[in-house]
Amino acid sequence: MTKTEGQEVVLIAVLAVLWLALGFGTDTFFAAANLQNILATVAPVTIIGVGMTAVIVTAGIDVSVGSALAVVMVVVAQMLRDTELALVPAILLGLGVGGVLGAINGVLVAYGRVHAIIITFGTLNIFRFVALQIFDGKEVAGVPAILEFLGGGAEGRSFGIPHAWLLAILLAAGMWFYMRHAPTGRHLYAIGGNAPAARLAGIRVTRRLVGVYTITGVLVGLAACCVIGGGGLVGQSAGTGLELQVIAAVVIGGTSILGGRGSVLGTVLGALLVGTVTSAVTLLGWRSELTALFIGVFILLAVGADLIRERRRRRL
Amino acid sequence: MTTTTDALLTLTGIRKHYGGVYALQGVDFEVRPGEVHGLVGANGAGKSTLIKIVSGAEKADEGTASLNGEALGDTVKALRAGIATVYQDPQLFGELTVAENVFVGRELRRNYLVDWREQQRRATELLTSLGLSEKLAGQRVADLSVAEQQLVSVAKALAHEARILILDEPSAILTDREIETLFTAIRTLKDRGVGIIYVSHRLDELAQITDRVTVLRDGKVVASEPTKDLTVRQIAELMVGHAINGTTAEAGAPQGEPVLRVEDLNRRNRFTNVSLEVRPGEIVSLFGLVGSGTGSIARAIYGVEPADSGTVRTGQTAMLPGDRSRQGVFATKTVGFNISIASLKGLWLKRKQERRTAIEFIERMQIKTPGPNALIATLSGGNQQKVVLARQLVERPEVLVLEEPTQGVDVGAKEEIHGLVRDIVGQGTAVLLVSSDLPEVMSLAEKILVVRGGRITARFDRGAAQADVLAAAAGDE
Amino acid sequence: MKRLITDRVLLLFALLVILVVWMSVLGANGYLVAPYDADYLLSSLESFVPLCLLGLAELLVIVSGRGGIDLSVGAMVSLVGMMFGFMVGFWHWPVWLAIAGALVAGAVLGAVNGFLVAWLGVPALIATLATYYAFTSLALVSNNNAPISTQPIQDLHSLTSTVGQVPLQVFTFLLPCAVLAWLLANRTNYGRRLYAVGTNEAAAKFAGLPVVSIRFRAYVLSGMLSAVVAVITVAQFASARPDAGTVGNGMALPAITIAILGGTAITGGIGRVGGVLIASLFVVWLNAGILLAFEDSRGSQYQLLALGAVLVVSALLNRVTLARRE
Amino acid sequence: SKKEQPPAGGQPRIKVAFVPKLQGIPYFEAMNTGGQKAAQELGIDWIYKGGTTADPGAQTEILKSLIQQKVDVLVVAPNDPDSVVPILADAASKGIKVLTSDTDAPNSVRELFVNQATADGIAHSVIDSLMAPMGGKGKYAIVSCGQTAANLNTWIGVQKRYAAEKYPNATLVDTVYAGEDEAKGVSMAKDLLNAHPDLTGLIGQCTTSAPGVAKAVREAGKLGKVFTVGVGTPNSMKPYLQDGSSSTSILWDVEQLGYLTAWAGAKVKRGEAIQASNNVSAKLPAVKFENKMLLLGDPLKLTKDNVGDYDY
Ligand SMILES: Nc1ncnc2c1ncn2[C@@H]1O[C@H](COP(=O)(O)OP(=O)(O)OP(=O)(O)O)[C@@H](O)[C@H]1O
Ligand SMILES: Nc1ncnc2c1ncn2[C@@H]1O[C@H](COP(=O)(O)OP(=O)(O)OP(=O)(O)O)[C@@H](O)[C@H]1O
Ligand SMILES: [Mg+2]
Ligand SMILES: [Mg+2]
């Protein structure tokens, strides 16, 4: 067992302070509608972050998620519009397409044995090309409201909680448990810590790598369904810049970009922090151009706290 | 060599090359059940390569390898077949705990999940049997000293039922007491019929533990005899291929004021009130068992690790780090790059001068390499160590800190390195030698400062009895 | 033949030659909508200049090791560009002074990254992600989202006129910077040390190298190269835009792509200036060629496919060569 | 495949190239449709070539390839009006006729600007259409897209002035930027609704945020309490116009804008004078020309009654 607590605690503290400040500073922060909006908005990033955490723990990275999201979105949206796809088949379609894209990444990374950032930079471009080809110059409008079950509206909530967020939390919990207690989950940490040694220890490195990228792809598929549900109009720019948002959530959550260390719980909190900051800027009536500045500052605060903690531990 | 039918592991005609380097050139080798088979050879003779072929980490170009008549495969197959390996550098995972490392890849399970409690229990058992504190089981491996890590990797090899246990220089950084514990463990396995391959540069150990010794030279087997038929001297000569002259320890001639003065150096939980002086032309040794804190003291004196209080006054200083591959070698770079990097002056690179210096040191230190443009990664461990040492000498430092300068280095290279150290001391450099190799300390050092629990507990001059020094270090007054 | 596959620079050079010959032949036989000729190639150097300079910036920080990367180069181009815009467009500084001011500004922004990464030890990806967000935001706020294109800014366009068909900035900015970068990497002690730090940080420490300061300077240089690109971009478009380096996919991702394609190892300590130069030339001319291959909008789409394929294939080629050597 | 050569002997057909801000959004694709129709009717070649992102750099490269192709007329909808000035000058110096359409580059050498509607026309319509259901008073906010989009920022500026003057009881509480991302537009619009519970109006300033603000109002259950107006394309606005979450969408006939663009290109190339009022086609009987600006006409107000007449 590794000692993970730390960044999570810092993040919970930061979030608590931020929420309290916002609660007192505005009349509306704790309004159900606001919290629901924050949760529904961060759900896609959280869902992908669950997979991205596993990928980064293996010392990899997947920068193609934004493009992959675009591919899944256009495929699913077109199918919804042109055929009478029901909710579950639509989601399965999304998971399937996402899974295939993820598996392509996984196979290339695992067998290519070059750093994942190179491969996924490549597929980032290729997937975007594929998406544009499917778009064929037209955005997809008039998508039936079926996926609003995962969107931000009333259809997307039960007991006041957005379904997408519930899914995100369930998946995060599942991934957390897997990475913490399943042997193959522990192997992800070993691979990220020292891949050659992992091979010598008899760990099926290739299989695990293909696995985490495929899972990330599947989760991208699910996130795509949530985004369609939240928007309803699917344009060509879908997913641009998403990879940075997801990576930001993961690293704010304390997962080491060098691999071997991290937790999904941190990622969930990281995504929540970014979502809170974004929404807070509007709630406070500050200029929306400043949002990015605050996100930057919070990234540094979170990581700075982690560094100080780590340094103190080394000192002892 | 005779082929016996009762061999457990049989290798025949193994060849392996890396680019232009022939690591193994037709090696026959076998291990019988219950046999401890010593494998020795100079640096670069091919020992590690042979072992990697057995463990599945490398594939032979030619030849056959079989365990009980079954062909060997990749690492996973080898592990399943019961081949457990302790590699020369511990292959561990720093962010995982000791217990996890012991079982990684072959976790103990309950209901498909990791059985944490059972792992913890078994790991604690194994650690205690190797003389390690049971508290270690829950610690992060990154927080352990190198020696502790080495023992953890032994524990990892012992964690599962093995038919062949391979130990690639497990003793290089262990103290005698730890080695004795290790030997006890080995003898237990031997009695159970496990075949053991034991690689070591400490030739005196061979008589204690091995039944049979195979000597490799330049990728070929030059002898394979029962241990009792060979003397240490014969083995050494077989390794290097010529007779070795006995070395005479010529005392240095310390002169003048100390150039290194350390006063009351402290670091919490590591070392306390360390004071010492080294004069030009003098070798002072910090001797301590592993974990005593000698390494931390040396690194704090050199300034790469912090100290909480105290003063260090020193002239121009260089340090040979203790962990060659992690702290010494620029692996993807050339030999020339590796030699010159610490002595660059001014704005522009002086490439001709750099080349000249590199060639000079390659010759002076008899580094086996095609030339300064060869990649250092293609050199054997001992030759890499010489390159790293050469880097410290280019500048002719006033003070030289040496941490385990001959760890994992064969006898020939070891003598050469000792000679080099004496040379530079003769030229007036002050040397602080940190070593857990007692004979080395005894033969080189002018003064021996024994460190126990982070404190200097005793001081000896040259000529003290080896037993006294060891007793002081071990703490059994 | 073997060297051709193992040596990235040679490989890229061969690809470049094949590309140019093949495209020219296609063009000459009417398969392209317009001739792929020298004039066209030379005029496309305009986009080669910023791409290459930022590729060099990424080269330096990636080589510096410990996961070195600079996601903020595009944001620095935007922010320094706006500062430069203020200096020239509103405060009417002489151009040389404004360029010096921009370089200082770039150095300061780079120093922020360097401080975070080298002094505090924040992983580069995180530190520069944070500053990317922050600089982007500041650039937008600086002039209320509006570009600056007063007369003095428009006059700057003369900085990017052409000599023959070659854009002037190739000579005035790119070549000096590339030569300096090459000298820095291959002929100075600083370069040597930078590669050493990137290859093995612990060994560098034991060799007595000032690791922190060496890595710090790599980020400062990255900021300064971004400042050069900011100046060129302002001059080329005769307008200082607050999103100059961040619009669309931004300038950082292409720059990192170029550095990697040029053979820079993401693990640090390995990478060549020549590789970056040829990689960016290859990509720019490939893109220019693809635009001529289609009369309609598909060209821009196929550019994505081509870049992705080149990256993946070159990475896999690496794998093949490694396997063969084993 | 081998590209067609101009028919031997005969007069080569006029090549008009149009470079949109970016390809693949319904707005510019509709312009393309209109342009192609015009090309068929007028006997010219129409080239439509845009980048995948709204990036001045990418646009410049495309312009370069068209100059290399030696098209006769180059029409551009610049991402940044100032950034295209140099490259357009370059094109003109090579004998290419240069026009702008959709967004002007007033400082450039362009011979004329094909304007969909004046900024005043659009901004006034947006404000008037929003103030009608709001009763000319109350709080409203704007969800724009790119922070630096020149035409959007111009419209916002005019809207602010016009509203302050004509509807003194209405206050603009915030302007936020959602990029070209509809889901983000929805989320930011909801933030605005949460931040200002007494908000009664939302403007979706571009074609992605227009449906976004409407969707936010619908999902927040504020139909009839919060009114939205946007600059949105017919197909994307149809569901919201029909359920009332959007009162009006202000646009213009984009296909006709494309048609007019192609027509103007041909005209300029042939060196024919453009009149103060032009009969371009049956659908464009009286297009005004003034001050180097060809004006498509008044903005089109899309409501639930007429939105079905358009398909893009
Ligand atoms: N990965 C490699 N690439 C190239 N050459 C290698 C590689 N590994 C080993 N060699 C070469 O193969 C030969 C045998 O090396 P090996 O590591 O087996 O020696 P060794 O006997 O274990 O030496 P030491 O006692 O120093 O550990 C050496 O010449 C070495 O340089
Ligand atoms: N990060 C740490 N936190 C707590 N204790 C540590 C840490 N690192 C090392 N130690 C302990 O401090 C003691 C001194 O360590 P040090 O590395 O100086 O010993 P050493 O014998 O010099 O080791 P080496 O031979 O590896 O250089 C050891 O008991 C070691 O386990
Ligand atoms: Mg070895
Ligand atoms: Mg020690």
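Please give the calculated 222 nm ellipticity per residue for chain B, where each DSSP H segment of at least 4 residues contributes -39500 (n - 2.57) and the sum is spread over every residue; nearest 500 deg cm²/dmol?
So the calculated ellipticity at 222 nm is -9500 deg cm²/dmol.
So which of D:70/D:267; B:47/C:205; D:37/D:97; D:137/D:301; D:21/D:225; B:47/B:386 end up more than 26 Å apart by C-alpha?
Among D:70/D:267; B:47/C:205; D:37/D:97; D:137/D:301; D:21/D:225; B:47/B:386, the Cα-Cα distance tops 26 Å for B:47/C:205; D:21/D:225.
I'd like to know which of C:222, C:95, C:124 lies farthest towards the positive end of the charge dipole of chain C, counting +1 on Cβ of Lys and Arg and -1 on Cβ of Asp and Glu.
The residue sitting most towards the positive pole is C:124.
Tell me the carbon and sulfur percent of the accessible area for the protein assembly as shown, rounded to whole percent, probe radius 1.4 Å.
The value for the protein assembly as shown is 57 percent carbon and sulfur by accessible area.
Roughly speaking, what is the centre-to-centre gap between segment B:151-174 and segment C:20-80 when only Cα atoms are used, to the nearest Å?
For segment B:151-174 versus segment C:20-80, the Cα centre distance is 53 Å.
Which order do peptides D:220-226, C:205-211, D:257-263, D:165-171 fall in by mean Cβ count within 10 Å, highest first?
Sorting D:220-226, C:205-211, D:257-263, D:165-171 by mean packing, highest first, produces D:257-263, C:205-211, D:220-226, D:165-171.
Using a 10 Å Cβ count of at most 16 others and DSSP loop calls, identify the longest part of chain A lacking such GluC sites (Glu not before Pro).
Here the longest run is A:85-316.
Please state the shape class of chain C: rounded when a/c is under 1.5, otherwise prolate if a/b exceeds b/c and oblate if not, all from the C-alpha gyration tensor.
oblate
Under the definition of partner shielding as Cβ atoms of other protein chains within 10 Å of a residue Cβ, what is the mean value for peptide C:146-158?
Per-residue shielding by partner chains comes out at 2.
Determine the residues within segment D:16-52 where the difference in accessible area between the chain on its own and the full set of protein chains amounts to at least 40 Å²; count protein heavy atoms only and use a 1.4 Å probe.
Listed in order, they are D:23, D:24, D:26, D:49, D:52.
Place +1 on the Cβ of every Lys and Arg and -1 on the Cβ of every Asp and Glu in the protein assembly as shown, take the dipole about the Cα centre, and give the residue among D:278, B:78, C:177 whose Cα lies farthest towards its positive end.
Ranked along the dipole, the leading option is C:177.
For residue C:38, put the label point 7 Å out on the Cα→Cβ axis and report which residues of segment C:152-181 keep their amide N under 16 Å from it.
C:163-167
Given a 1.4 Å probe and the protein chains all in place, what does the accessible area of residue B:100 round to, in Å² to the nearest 10?
10 Å²
Considering only protein heavy atoms, what per residue accessible area in square angstrom results for the protein assembly as shown with a 1.4 angstrom probe?
Per residue, the protein assembly as shown has an accessible area of 37 Å².
Could you give the size of the charge dipole of the protein assembly as shown about its Cα centre, using +1 on the Cβ of each K and R and -1 on the Cβ of each D and E, expressed in debye and rounded to the nearest 20?
With only Lys, Arg, Asp and Glu charged at Cβ, the dipole is about 760 debye.
Could you give the dipole magnitude of segment B:107-254 about its Cα centre, charging the beta-carbon of Lys and Arg +1 and that of Asp and Glu -1, in debye to the nearest 20?
520 debye
Find how many whole Å separate the alpha carbon centroid of segment C:115-177 from the alpha carbon centroid of segment A:119-181.
For segment A:119-181 versus segment C:115-177, the Cα centre distance is 35 Å.
What does the helix-only formula give at 222 nm for chain C: each DSSP H stretch with n ≥ 4 adding -39500 (n - 2.57), the total divided by the residues, and the result rounded to the nearest 500 deg cm²/dmol?
Counting only the DSSP helices, I get -23000 deg cm²/dmol.
Note down the nm distance, to one decimal, between modelled labels 7 Å out along Cα→Cβ at residue B:139 and at residue B:423.
So the two model labels end up 4.0 nm from each other.
Tell me which of A:163, C:41, C:150 sits at the most positive position along the dipole axis of the protein assembly as shown, charges placed on C-beta atoms (Lys, Arg +1; Asp, Glu -1).
C:41
Does the protein assembly as shown classify as rounded, prolate or oblate by the C-alpha gyration tensor (a ≥ b ≥ c root eigenvalues; a/c under 1.5 gives rounded; else a/b over b/c gives prolate, otherwise oblate)?
Cα axes put the protein assembly as shown in the prolate bin.
Suppose R0 equals 41 Å; then what is the FRET efficiency for residue C:171 and residue D:275 from their Cβ-Cβ distance, rounded to the nearest 0.05?
My answer for the efficiency is 0.25.
Take the Cα coordinates of chain D, assign each an equal point scatterer, and use the Debye formula without solvent to give log10 I(q)/I(0) at q = 0.09, 0.12, 0.14, 0.16 Å⁻¹.
Evaluating at q = 0.09, 0.12, 0.14, 0.16 Å⁻¹ gives log10 I(q)/I(0) of -0.46, -0.79, -1.02, -1.25.
Compute the distance from the alpha-carbon center of segment A:213-265 to that of segment D:236-270, in whole Å.
Answer, in whole Å: 36.
What's the buried accessible area, both sides, between D and C using a 1.4 Å probe, rounded to 100 Å²?
2900 Å²
Pairs of Cα atoms under 8 Å, at least six residues apart: use those to get the relative contact order of segment D:109-225, whole percent.
Result for segment D:109-225 is 31 percent.
Pick out, in residue order, every one of the chymotrypsin sites (Phe, Trp or Tyr not before Pro) in segment B:69-123 that is DSSP loop and has at most 14 other C-beta atoms within 10 Å; say none if there are none.
B:112
With a 4.7 Å Cβ cut-off, tell me which Cys residues in the protein assembly as shown come up empty for a partner.
A:225, A:226, C:52, C:177
Tell me the label-point distance for the pair residue B:125, residue C:186, using the 7 Å Cα-to-Cβ offset, in nm and rounded to one decimal.
The answer from the label model is 6.2 nm.
List the GluC sites (Glu not before Pro) within segment B:413-470 that DSSP assigns to loop and that have no more than 12 neighbouring Cβ atoms inside 10 Å.
Hits after loop and neighbour filter: nothing returned.
What is the dipole size for segment B:419-477, taken about its Cα centre, with +1 at each Lys and Arg Cβ and -1 at each Asp and Glu Cβ, in debye to the nearest 20?
200 debye
If you take the beta carbon distance between residue D:286 and residue D:107 as r and set R0 to 22 Å, what does 1/(1 + (r/R0)^6) give as a FRET efficiency, to the nearest 0.05?
Once rounded, the FRET efficiency stands at 0.15.
Counting other C-beta atoms within 10 Å, and keeping those with at most 16, which DSSP coil chymotrypsin sites (Phe, Trp or Tyr not before Pro) do you find in segment C:1-70?
Qualifying residues, ordered by number: C:31.
The values are calculated or read from the model by the stated rules, or taken from the named source; none is laboratory data. Just so it is clear, the model here is predicted, and its values are computed rather than measured. Every residue, glycine as well, gets a Cβ built from its backbone with ideal geometry; the counts of neighbours run over all protein chains shown. Remember, those area values only see protein heavy atoms, side chains included, never the ligands or the DNA or RNA. Shrake-Rupley method; radii C 1.70, N 1.55, O 1.52, S 1.80 Å.
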